[in-house]
Amino acid sequence: MLEDTTVDVVISGAGATGVTLAIELARRGVSFCLLDKLEVPFGGSRGKGIQPRTLEIFEDLGIVDRMMLAGGPYPPQREYRDDGSYAESAAEANEAPTPSEPYRSPLLVPQFLTESVMRERLAELGGRVEFGCELAGLKQDEDGVLARVATQRGERTIQARFLVGADGGRSFVRNALQIGFPGKTLAVRAVVADVFLTGLDRNAWHRFNEGSMERQLALCPLVGTEMFQIQAPVPLEGDVDLSATGLAAMIRARTGRNDIHIESVSWASAYNMNARLADRYRDGRVFLVGDAAHTHPPTGGQGLNTSVQDAYNLGWKLAAVIDGAPVALLDSYEEERRPVAASMLGLTTRLLDAMKRGDNRRGREVQQLDIGYPESSLAMECPERSSGLRAGERAPDAPIRLISGHSTRVFNLLKGTHWTLFGYDVSRDRVAPRAGLHIHTFGARGDVIDDGGHFRDAYAVGTGDWILVRPDGYIGAIVANEHVKSLETYFQPG
Ligand SMILES: Cc1cc2nc3c(=O)[nH]c(=O)nc-3n(C[C@H](O)[C@H](O)[C@H](O)COP(=O)(O)OP(=O)(O)OC[C@H]3O[C@@H](n4cnc5c(N)ncnc54)[C@H](O)[C@@H]3O)c2cc1C
């Protein structure tokens with residue numbers, strides 16, 4: 001038996017979800033063990049589409065520029081006709097940034113590069129993944145969780161206040177807690193493979209036989225690497241040859257071309273698509289995040305994004321409760337995130353049905369910018385608003401100027417682990433300073449200036465309005481000056 005460890009949080013699974021959670025805890029000084037049963041990081045491209053809302057989160061986590069360096073924009077879609085000619089169209093709605101939405105186009109980054117950038121950030125913050133550590137058992141009581149971990153050198157135990165299952169679609173944690181995972185198998189099986197090949201140019205996402213589930217084939221250049229990702233539906237039953245020879249035969253059969261040669265296969269898998277949602281996201285001191293809580297078809301590139309945002313929602317709440325906040329704050333995790341996943345299941349299944357008909361168009365809904373929690377118990381309005389930005393919605397960006405003369409953006413003021421309170425044409429001394437809260441005021445004697453009126457427009461504020469932004473960039477409260485004392489009850493419920 002190896003030495004026992006005691007930490008605040010055990011995170012089982014170090015995919016994109018687990019590492020995001022670890023970053024959130026590390027930057028708040030919470031102790032954790034981040035475990036993965038793999039001996040080395042996973043090397044497949046899988047979730048390669050990073051949506052605009054996730055880019056905003058990456059900006060907050062300090063990794064958006066590195067992510068852009070690792071990846072690149074989506075290439076145009078090149079749809080081939082039977083005679084070999086083709087038509088090209090923009091892959092996604094690549095719209096120009098606006099003052100309130102600085103990222104409007106998705107970024108293409110192979111998942112193993114995304115995870116590598118995340119691990120680098122975690123290392124900067126003093127954290128690391130413990131590879132070769134498999135969660136093999138867990139027991140909880142009122143005070144904590146005992147995790148049993150299998151390693152090549154023997155078993156160890158970790159005592160923690162909380163445990164989070166970020167352990168993917170086949171989640172050990174979900175099964176150990178006997179949390180149901182209802183939904184359906186979508187009767188679609190597909191191949192995904194990362195290959196080195198010659199014969200195709202890297203300036204397009206090559207698509208053959210759109211609309212035919214028997215012959216469809218997509219070859220996407222994996223930006224940041226020399227590889228292409230192959231995606232193709234395959235029959236539900238029977239073996240699939242995932243070797244270079246087998247994949248080359250599939251390409252020949254589906255394209256009629258002899259000039260595309262596979263040199264080697266880096267990673268390949270055949271998987272069945274599912275749409276499933278965990279019955280609960282929490283059991284006492286144990287939580288589910290990411291694919292452990294929901295699995296969707298890959299259409300629309302939502303899975304990794306939704307998963308990262310689960311971790312981003314849970315991270316600050318866990319840290320706050322460990323720091324003494326009321327434990328009821330943790331109830332808001334499932335309350336806020338489970339409905340998001342439920343609607344994502346519907347969206348990705350609809351997109352899968354459209355793809356079967358050869359329709360690969362994507363709308364604003366895949367960008368995840370309109371996700372919010374207006375029904376949340378953490379959303380407060382005094383008085384209730386009937387129009388404009390609502391409590392619970394995403395806090396928009398806006399170009400502003402500091403009184404020192406420097407131009408900046410609202411997102412720069414939000415960046416970090418704190419809460420932020422903006423007052424519009426108010427007297428700053430109406431609110432007492434408190435730990436973990438940054439206060440900024442616009443107007444006479446304010447420290448920020450809304451030169452272009454972008455803040456006023458995006459936040460729909462007028463004289464005397466106060467806007468409280470949560471650490472994860474959603475509006476916690478909007479209160480008028482005469483109700484400003486209600487912010488005290490917001491921070492100290494019960
Ligand atoms: C073909 C394909 C294309 C996709 N495209 C997109 C896309 O464009 N955009 C998008 O957003 N999503 C996409 N996805 C989905 C995305 O890959 C997943 O949503 C994402 O990987 C979920 O991350 P996760 O960290 O929750 O789980 P995983 O990535 O599955 O990571 C779970 C980790 O837990 C570890 N683990 C498991 N059990 C244990 C245990 N008992 N102890 C310790 N460790 C354990 C595993 O080794 C693994 O490293 C795609 C998926 C596929 C298959």
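Points to keep in mind about this one:
- Coupling constants for the range 240-257 follow from the phi torsions by the Karplus curve (6.51 cos²θ - 1.76 cosθ + 1.60, θ = phi - 60°), and in residue order they are 10, 7, 9, 6, 4, 5, x, 5, 5, 5, 5, 4, 4, 5, 8, 10, x, 9 Hz; glycine and proline get x.
- Extension gain, ASP141 to SER31: 0.36 nm times the residue separation minus the Cα-Cα distance gives 37.6 nm.
- Residue-wise HN-Hα coupling along the range 161-178, computed from phi with Karplus coefficients 6.51, -1.76, 1.60 (Hz; x: Gly, Pro): 7, 9, 10, 10, x, 10, 9, x, x, 9, 2, 5, 4, 4, 5, 4, 8, 6
- Legend: residue pairs LYS37/LYS317; LYS37/LYS184; LYS184/LYS356, Cα-Cα distance threshold 21 Å; pairs beyond threshold, LYS37/LYS317; LYS37/LYS184.
- Carbon and sulfur %, accessible surface of the chain computed with the full protein complex present, 1.4 Å: 49 percent
- Remark on the range 111-221: Rg and Dmax equal 20.8, 61 Å (Cα only).
- Packing, taken as the mean count of other beta carbons within 10 Å per residue, orders the peptides 260-268, 454-462 from highest to lowest as 454-462, 260-268.
- In the chain, the longest principal axis of the Cα atoms and the axis of helix 16-26 are about 30 degrees apart.
- The chain - convex hull of alpha carbons, volume per residue in Å³: 154 Å³
- Our summary gives the range 184-274 a relative contact order of 44 percent, counting only alpha carbon pairs under 8 angstrom and 6 or more residues apart.
- Around SER307: net Lys/Arg minus Asp/Glu count, Cβ-Cβ under 12 Å: -2
- With contacts taken as Cα pairs under 8 Å at a separation of at least 6 residues, the chain carries a relative contact order of 16 percent.
- The gain in end-to-end length when the ALA187 to HIS483 segment is fully stretched comes to 101.1 nm, 0.36 nm per residue minus the alpha carbon separation.
- Prolate/oblate/rounded call for the range 449-494, Cα gyration tensor, a/c under 1.5 rounded: oblate
- Taking 0.36 nm per residue of sequence separation and removing the Cα-Cα distance, the SER264/LEU437 pair yields an extension gain of 57.0 nm.
- With the simple spin-label model, which puts each label point 7 Å out from Cα in the Cβ direction, the GLN178 to GLU155 separation comes to 2.1 nm.
- Relative to the longest principal axis of the Cα atoms of the chain, the long axis of helix 52-61 lies at roughly 60 degrees.
- Per residue accessible area in Å² of the chain, where ligands, DNA and RNA are left out and the probe is 1.4 Å: 42 Å²
- Sites ARG280 and SER85 - FRET efficiency at Förster radius 60 Å, r taken between beta-carbons, to 0.05: 0.70
- Zone of ASP447's modelled label, taken as backbone nitrogen in the range 389-408 under 14 Å from a point 7 Å along Cα→Cβ: 401-406
- Take every Cα pair under 8 Å whose residues are at least 6 apart in sequence, average their separation, divide by the length of the range 380-491, and the relative contact order is 34 percent.
- Cα gyration tensor category, rounded, prolate or oblate, for the range 380-491 with a/c compared to 1.5: rounded
The values are calculated or read from the model by the stated rules, or taken from the named source; none is laboratory data. Every value quoted in this text rests on a predicted model; they were computed, and no experiment measured them. Don't worry about glycine lacking a Cβ; one is built from the backbone with ideal geometry, like all the others, and counts go over all protein chains shown. Areas reflect the complete protein model, heavy atoms only, side chains present, ligands, DNA and RNA absent. Shrake-Rupley method; radii C 1.70, N 1.55, O 1.52, S 1.80 Å.
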